[in-house]
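The values are calculated or read from the model by the stated rules, or taken from the named source; none is laboratory data. This one's a predicted model, so the numbers in the text were calculated from it and none came from an experiment. Virtual Cβ from ideal backbone geometry, glycine too; neighbours counted across all protein chains shown.
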Amino acid sequence: MERQLRVLIADDQALMRTGFRMIVESEPDMTVVAEAHDGVSAVSLAQEHRPDVVLMDIRMPKMDGIAATRQLAGPDAPTPTAVLVLTTFDLDEYVYAALRAGASGFLLKDEPVDQLIHALRVVAEGDALLAPAVTRRLIQEFTRRPDPSHAPGALAVLTRRELEVLTLMAKGLSNAEIAQELVLGQTTVKTHVSRVLLKLNLRDRVQAVVLAYEQGLVRANS
């Protein structure tokens, strides 16, 4: 029997949790292992059930989704858990805070069902995903407030080919599209992406894209 993708739903609205459960469990290879109505219980239940992905609301009582994400996926988390943040609030500050806290993805609650399912699969596989509607403003927010740990010239450690791969990543191309653009095998591209993340000490593609914009490798209007 194929292993199921295990999801924990954290949202303070029972109706939203029910809706998300129905969506998730409509997929034969997905199951909901627990539901949390606040951030404190989200952290506790995630530590108990060890889901593949936590579907995290932002505005919740006792502890908000940002703080809960930081405990589950941040740099001090003993066993990091993938977190996909969902919110009705399309605000830059929430995007910024959620990703800085360690979230692997950010989607608005009005995204199509298939986009949510796709996001769960992507995040569970260890990749990162952002709603297309917020990506450009996210980048603009980060570049206005650069991370002080990213010193000027940080990209100097990359080879010419790795810079090419990072540039295409920052423009939103998938590994398959990068492979086609550079006439490389997808396995080779995946290796280059891994080396970029390792050399720059970055967690995932989202952080790599942000750094590319911060360093001026690509521009928001390019």
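Take the conditions at pLDDT 90 or above, over 20 Å from the mean Cα position of the chain (by Cα) and over 25 Å from Leu211 (Cα atoms) and apply them to Arg50. Does it pass? Judged against the criteria, Arg50 is not a match.
In region 212-222, the residue that is nearest to Leu155 (Cα to Cα) out of those that are in contact (Cβ under 8 Å) with a residue 24 or more places away in the chain and of a type in the set (Gly, Ala, Ser) is Ala212. Here the condition is being crowded, with 17+ Cβ neighbours inside 10 Å and over 19 Å from Ala119 (Cα atoms); of Leu184, Leu198, Leu173, it holds for Leu184 alone. Set side by side, the residues Thr69, Thr79, Thr88, Thr18 differ, and just one is in contact with a Leu (Cβ under 8 Å, 6 or more places away or on another chain) and either assigned by TED's automatic domain parsing to the domain that holds Arg203 or of a type outside the set (A, V, I, L, M) (or both), which is Thr88. On the basis of being over 26 Å from Ala208 (Cα atoms) and surrounded by fewer than 16 Cβ atoms within 10 Å (Cβ to Cβ), does Pro80 make the cut? The answer is no for Pro80. Of all residues in region 3-24, which are of a type outside the set (Gly, Ala, Ser), within 17 Å of Pro61 (Cβ to Cβ) and assigned to a helix (DSSP H, G or I)? Within region 3-24, Leu15, Met16, Arg17 meet the criteria. Count of region 171-211 residues, restricted to those that are charged (D, E, K, R), in contact (Cβ under 8 Å) with a residue 60 or more places away in the chain and in a helix (DSSP H, G or I), is 1. Of the helices (runs of 4 or more DSSP H) lying entirely inside region 60-153, those carrying at least 2 residues that are at pLDDT below 80 are 92-100, 132-144.
Taking interchain pairs and intrachain pairs at least six residues apart, which have beta carbon atoms under 6 angstrom, with the first residue in region 48-63 and within 17 Å of Leu99 (Cα to Cα) and the second among the acidic types (Asp, Glu) and buried (at least 21 other Cβ atoms within 10 Å of the Cβ)? From residues that are within 17 Å of Leu99 (Cα to Cα), the pairs are Asp57/Asp11. Across region 1-37, the number of residues qualifying as among the charged types (D, E, K, R) and under 17 Å from Ala73 (Cα atoms) comes to 1. Selection of region 1-34 for residues being within 22 Å of the chain's Cα centre (by Cα) and among the hydroxyl-bearing types (Ser, Thr, Tyr) yields only Thr31.
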